[in-house]
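Supplied in structure tokens, the structure appears directly below.
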Amino acid sequence: MNRPIARGRAAFITVLVLTAAAFFLSLLTGKYPIPPGDVFRLIAGGDSGGLAGEVFRTLRLPRTVAALLAGFGLGMAGFVYQTVFKNPLASPDIIGVASGANLGAAAAIVLSGTSAAAVTGGALAGSLLAVALVTALVRVSRLNTTATYILAGIVITSLAKALIMALKYFADEGNDLAAIEFWTMGSFGGVTPARLTAILPLFFAGILGLLLLRRQIGLMALGDDESRMLGVRLGVVRAAVLGCSTAVVASVISVTGLITFVGLVSPHIARLILKRSNFSACLFSGLAGGALLLLADSLARTLYRSELPVSILTTVVGVPFLVYFMHRNRRRVL
Amino acid sequence: MNGKLRVDGMRVAYGRREILRGVDFTLGEGEMAALLGLNASGKTTLLRAVCGLIPLNGGDCLINGRGYLQSDERRRARLISYLPQRHSRLYDLSVMDVVLMGFNPHISLLASPGKREREASLEALDHLGMKDHAGEDFSLLSEGQKQLVLLARALVQDTGLLLLDEPDSALDYPNRHRVLSLLRNLLKEDGRSALITLHDPNFALAYCDKLLMLRDGLIVRDQAVSGSGAGELRDCLSLVFGAVDVIESRGRFVMLKA
């Protein structure tokens, strides 16, 4: 076996072990202590009985699964955005997904109080609407290029931010304003089996779409002329790829609120470790995102007497990883 | 496989500025033609227009008698391979990954290239002397090596017509001869056609079947090389390059500044 393949396999095994360890750590972490032996029994389908089993099934397991899926989805989607937009700093907000979700959540909070279902629905509708508007703007401009998507994203993001400011201005200072702000910091505290189950179809539809379009995503790293002359039906494929990545991101953040840095840092970690930018690196980015978010959420539950917003921890956990890999690969970063 | 191309009255404009003002020419089966013109004469625009990458203001392009400009990218990529003058910057992709991209028009949207495609890619790289670099990072190759890899990608795309925009610009002297000679042999073997923009007319005289002289948005001369005398070729090349002389040496023509 040649060296790059052996190195790639070792890296995948390492990230899988790390993700599994972070998953188990997350199941152990929380206000209500569940001993490791009980966790193993519960995972194996046994029943530890009483409160521990109830906490595990209704809170701990859904939350841990949500953190894993959210990290995986954001890591993969981040990789896709950076590839499609040929921009190492691209994130879901480049086409307005995050801002749309933020506006939808803020509107739901102001109009309906802090009903979890309304906020989830509002965020999901807001993000999908924002991307639909971006796509409509691109169509109106009749210039179906990557740059047009970015410009349209800036327009919709700016509009969403203006509307969010207006909502904040008129929001009730006591509850709504704080809820809007807290939503932008992200948390898995509100994950329930019902909310998780509700977003899973959209999430997995997006992931499946990205898996199926993996080769076209790689070709979109080329300039528009080159990819078109290699047979990529750019207009259709770009819309499909962005639709799938939007479905993944929108389904995640509608439940968790905004989670920063995972979608940005995971693709870089994948590329720096694998030294490849193909679809294997995209999957690796997803796994790295899962491990990172599981670790961040475990810390969010333990560092302080009340739960911390997870976006603080994703940044705190992600920065050292990135700095380490940048240092180790300093000749390749720039 | 063949790629007989006919361009009829092609007009292209950027805004109000008309770049091509009614271009006409044909390219026969197995023919290799050089498109010669000064900087900003519209050579790249012409190639992009033939590819269907920019809309025409008038005229049409036909391959084997059929219009194709209205077809989608996938169908066009089965007819034409295009090597742009400036390639995209690609990072963290192996040479093999880059060549395999050439199979995209021929495998279904959701499939991946397999063993057969990998073997064909290695063969194409071998033709161009790049087989030993197959596992290397494309971004770390020299510009000349990258050009050879992209040419291998264009070859595995397996189309009847190749449009190559200065495919030799980053190659050293021996590699220029090697690549143009290889292209010429491939075209003769399987009846493919190629339209190539070149800056050095001497390479066009040495390897191409005919010269297409582009000036003022028109093909002002369509001149076969073989069968022509030095005087005819001098008159042809003078239309674009001004005062030049063409001499014949050991059965080959060479252009000199007069």
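What is the helix-to-structure angle for B:173-190, meaning the angle in degrees between its Cα long axis and the longest Cα principal axis of chain B, kept from 0 to 90 and rounded to the nearest 10?
The helix B:173-190 is inclined about 80 degrees to chain B.
So, for the stretch B:170-234, what is the accessible surface per residue at a probe of 1.4 Å, expressed in square angstrom? All intermediate terms of the calculation are to be shown ahead of the outcome.
Numbers: 2620 Å² over 65 residues.
Heavy-atom accessible area per residue stands at 40 Å².
Let me cross-check A:Y324: its accessible surface, 1.4 Å probe, with only protein heavy atoms counted, in Å² to the nearest 10?
120 Å²
Distance between the C-alpha centers of the stretch A:121-175 and the stretch A:1-41? Whole Å please.
The two parts, judged by their Cα centres, are 38 Å apart.
Label point 7 Å out from A:L143 along Cα-to-Cβ: which residues of the stretch A:81-98 have amide N under 19 Å?
Zone members listed by number: A:85-87, A:94-96.
Please work out the C-alpha center-to-center distance from the stretch A:211-268 to the stretch B:1-75 and express it in whole Å.
32 Å
Using only Cα atoms, what is the ratio of the radius of gyration of the stretch A:4-70 to 2.2 N^0.38 Å?
On the way: Rg = 14.5 Å, N = 67, 2.2 N^0.38 = 10.9 Å.
In units of the globular-protein estimate, the stretch A:4-70 measures up at 1.34.
Keeping every protein chain present and rolling a 1.4 Å probe, give me the accessible area per residue for chain A in Å².
The answer is 43 Å² per residue.
Can you tell me, using C-alpha contacts under 8 Å and at least 6 residues apart, the relative contact order of the stretch B:206-258 as a whole percent?
Numbers: 70 pairs, mean separation 14.0, N = 53.
Over the stretch B:206-258, the number comes to 26 percent.
So if I place +1 on the C-beta of Lys and Arg and -1 on the C-beta of Asp and Glu, and nothing else carries charge, what would the dipole magnitude of the stretch B:150-258 be about its Cα centre? I want it in debye, nearest 20. Don't skip to the end; give the middle numbers.
On the way: 13 positive and 15 negative charges, 39 e Å.
The calculated dipole for the stretch B:150-258 is roughly 180 debye.
I would also like to ask the following. Starting from the Cα of A:L25, step 7 Å along the direction of its Cβ; do the same at B:D126; then give the gap between the two resulting points in nm.
According to this spin-label approximation, the distance is 5.0 nm.
Among A:A66, A:T14, A:A296, whose Cα sits farthest toward the positive end of the charge dipole of the stretch A:3-333 (+1 at Cβ of Lys/Arg, -1 at Cβ of Asp/Glu, about the Cα centre)?
A:T14
Can I ask one more? Give me the percent of the accessible area of the stretch B:97-158 that comes from carbon and sulfur atoms, probe 1.4 Å, all protein chains in place. Intermediate results must be reported in sequence, preceding the final value.
Working: 1300 of 2600 Å².
Of all accessible area on the stretch B:97-158, carbon and sulfur atoms account for 50 percent.
Once label points are set 7 Å from the Cα along Cα→Cβ at both A:N87 and B:L256, what is their separation, rounded to one decimal in nm?
About 5.6 nm, to one decimal.
With a 1.4 Å probe, what is the total accessible area buried between chains A and B, in Å² rounded to the nearest 100?
For A against B, buried area totals roughly 2600 Å².
For a quick check of understanding: with a 1.4 angstrom probe and all protein chains in place, what accessible area in square angstrom does B:H199 have, to the nearest ten?
For B:H199, solvent-accessible area is about 90 Å².
Can you sort A:V15, A:V155 by solvent-accessible area, 1.4 Å probe, largest first?
On the way: A:V15 10, A:V155 80 Å².
The most accessible residue leads, giving A:V155, A:V15.
Ignoring ligands, DNA and RNA, what percent of the 1.4 Å accessible area of the stretch A:3-333 is carbon and sulfur? Please list the in-between numbers first.
On the way: 9950 of 14060 Å².
Carbon plus sulfur share of accessible area: 71 percent.
In addition: So how strong a dipole does the protein assembly as shown carry about its Cα centre when Lys and Arg Cβ are +1 and Asp and Glu Cβ are -1, to the nearest 20 debye? Don't jump to the answer; show the numbers that get you there.
Numbers: 61 positive and 46 negative charges, 98 e Å.
So the dipole magnitude of the protein assembly as shown works out to roughly 480 debye.
Here's a follow-up. Determine the alpha carbon to alpha carbon distance for each of B:K4/B:K188; A:K275/B:K131; B:K115/B:K146; B:K188/B:K210 and list only those over 19 Å.
Values: B:K4/B:K188 13 Å; A:K275/B:K131 21 Å; B:K115/B:K146 23 Å; B:K188/B:K210 14 Å.
Table pairs above 19 Å Cα-Cα are A:K275/B:K131; B:K115/B:K146.
Could you give the alpha-carbon Rg of chain B over 2.2 N^0.38 Å, rounded to two decimals? Let's see the in-between values first.
Values: Rg = 18.3 Å, N = 258, 2.2 N^0.38 = 18.1 Å.
Cα Rg divided by the expected 2.2 N^0.38 Å: 1.01.
The values are calculated or read from the model by the stated rules, or taken from the named source; none is laboratory data. Remember, predicted model here, so these are calculated numbers, not experimental data. Heads up, the Cβs are rebuilt from the backbone with ideal geometry, glycines too, and the neighbour counts pull from every protein chain shown. Just so you know, the surface numbers come from the protein's heavy atoms only, side chains and all, with ligands and any DNA or RNA stripped out. Shrake-Rupley method; radii C 1.70, N 1.55, O 1.52, S 1.80 Å.
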